[in-house]
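Each remark here refers to the structure printed beneath this line.
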């Protein structure tokens, strides 16, 4: 079986969020003696492309309305990854030093059309076409409706929704950019008076998956306008929990860490990483260290951080470290907290992959008070490294973290995204930390939890096989 994943992101090539981690790991865990899983993605002007060399295996032109753009299909000269990646190089549109922008309709539509045009030239077509998020959401429609792709009608295609908040809307005035199709079916593109690539994919894909079972259920009630559509299409929708790449996220072998460790040596290993963080950011290693890693956006609850941190630091003898960027107002408010709580709070505004690994290893608790969290990978990374997650019970967080009040529970959960509930959760964490015997027992427990891609990859393979029999 030959599986093609089509995505805007893929770790370590281009990463904005969790989408990259999924597409960078799932194909590796799917590959086997009878399965070949590959990725097609845009060719960006970023660090990865500067550090590697590429060969062109196909050249052509892609038509987008009245415009024609030359494009190449590139492959890596060397294979640093465990699966094949093909790059769609449209210099005028895609070769930028960013992944997303305010003019993405033309960029990603051209990417999707060029991808399908190239697949048409294959001697043997893929067995499965797996699309990820709205950036590839018009592919199911084009496979089903565009005349030029009639040869693909019987190939099963899948949409995975990583985050339904972003849908790729654009005006019907641009419908002419899509390869010709039976205009009687134009309604398959529409939702809410606009062309909506995510909605179209939900309508046209053979099946729709989300990145956790709970998120699938939640989307029927809150999906940024797609609730009724997802409820109507529920029979072809399923939630498959994401996994993590245990080869990358392994405290025993992680080359980013200051000191590697196992379950048996977690106390000393985590302490070494915590010591580095505290020295780097002027914090006290004797105090419980709370951390946040991620985007400073509304969905993550980060707008409440300035007040949450202020109240928590005034009440508890703790340290807080934040790694992330996003909303400028939130960034400024967090920067203003530094002098007020010097030696107890610090923030690295931006993103640093190595630093994130050290934080997972060195923090005592990881904060994730998300308003929306389709799956969440950070809490799984934290568990793997022996750091106890503090989460709001929603989406994938609900599926992966059990509160310590429950039998065999190992995390700290709260129900609502409010300053009071988040600070109360921090209070509970401090109480747990003071009971070091219990804290260390939970630390050992969570490091044994298996959230690897093995199980999830098998679930996807089973889904593919069920579609091939239809």
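If we scan segment 299-306, do we find a residue that is more than 20 Å from residue 368 (Cα to Cα) and surrounded by fewer than 21 Cβ atoms within 10 Å (Cβ to Cβ)? Reasoning before the result, please.
Pass one, segment 299-306, residues more than 20 Å from residue 368 (Cα to Cα): none.
No, there is no match, as no residue in segment 299-306 is more than 20 Å from residue 368 (Cα to Cα) and surrounded by fewer than 21 Cβ atoms within 10 Å (Cβ to Cβ).
Among the conditions (1) over 23 Å from residue 433 (Cβ atoms); (2) within 22 Å of the chain's Cα centre (by Cα); (3) free of Cβ contacts under 8 Å to residues at least 60 places away in the same chain, residue 335 misses just one, which is (2). Annotation note: of 57, 88, the sole residue that is buried (at least 23 other Cβ atoms within 10 Å of the Cβ) and either under 29 Å from residue 242 (Cα atoms) or modelled with pLDDT of 95 or more (or both) is 88. Checked against the criterion of being assigned to a helix (DSSP H, G or I), closer than 20 Å to residue 241 by Cα and without any contact (Cβ under 8 Å) to a residue 40 or more places away in the chain, segment 388-400 has at least one qualifying residue. Scanning segment 1-11 for residues that are modelled with pLDDT of 95 or more and either over 21 Å from residue 125 (Cα atoms) or in a helix (DSSP H, G or I) (or both), we see that the one that is farthest from the chain's Cα centre (by Cα) is 8. Among the residues of segment 203-212, those that are touching a helix residue (DSSP H, G or I) at 6+ places or on another chain (Cβ under 6 Å) and under 19 Å from residue 379 (Cα atoms) comprise 210, 212.
Please specify each residue of segment 342-365 satisfying the condition of being in a helix (DSSP H, G or I) and surrounded by fewer than 22 Cβ atoms within 10 Å (Cβ to Cβ). Steps first, answer last, please.
Within segment 342-365, the first condition is being in a helix (DSSP H, G or I), and the residues that meet it are 353-362.
353, 354, 355, 356, listed by residue number.
Scanning segment 217-235 for residues that are in contact with a helix residue (DSSP H, G or I) (Cβ under 8 Å, 6 or more places away or on another chain) and touching a residue at least 12 places away in the same chain (Cβ under 8 Å) yields 218, 219, 220, 223, 226, 229, 230, 233.
The residues on offer are 93, 74, and the sole one that is modelled with pLDDT of 95 or more, part of a loop (DSSP other than H, G, I, E, B) and under 19 Å from residue 116 (Cβ atoms) is 93.
Just checking, which of 444, 416, 465 is more than 27 Å from residue 28 (Cβ to Cβ) and either in a helix (DSSP H, G or I) or over 26 Å from the mean Cα position of the chain (by Cα) (or both)? Spell out how you get there, then give the answer.
Working: 416 fails: either in a helix (DSSP H, G or I) or over 26 Å from the mean Cα position of the chain (by Cα) (or both); 465 fails: more than 27 Å from residue 28 (Cβ to Cβ).
Only one candidate qualifies: 444.
State yes or no: is residue 460 within 22 Å of residue 313 (Cβ to Cβ) and either in a helix (DSSP H, G or I) or touching a strand residue (DSSP E or B) at 6+ places or on another chain (Cβ under 8 Å) (or both)? Considered against the rule, which asks whether it is within 22 Å of residue 313 (Cβ to Cβ) and either in a helix (DSSP H, G or I) or touching a strand residue (DSSP E or B) at 6+ places or on another chain (Cβ under 8 Å) (or both), residue 460 comes out as no.
Taking the criterion of being exposed (fewer than 12 other Cβ atoms within 10 Å of the Cβ) and within 25 Å of the chain's Cα centre (by Cα), the residues of segment 60-85 that qualify are 79, 80.
When 14, 8, 55 are screened for being in the same structural domain as residue 164 (by TED's automatic domain parsing) and more than 21 Å from residue 118 (Cα to Cα), only 14 passes.
Which one is modelled with the lowest pLDDT among residues in segment 12-35 that are closer than 22 Å to residue 110 by Cα and part of a loop (DSSP other than H, G, I, E, B)?
Residues of segment 12-35 closer than 22 Å to residue 110 by Cα: 13-16, 19-20, 23.
Now restrict to residues that are part of a loop (DSSP other than H, G, I, E, B): 13, 15-16.
On the way: 13: 96, 15: 92, 16: 88.
Checking each candidate, the answer is 16.
The values are calculated or read from the model by the stated rules, or taken from the named source; none is laboratory data. Worth saying up front: this structure is predicted, and the values here are computed from it rather than measured. Please note: Cβ atoms are built from the backbone with ideal geometry, for glycine as well, and neighbour counts cover all protein chains shown.
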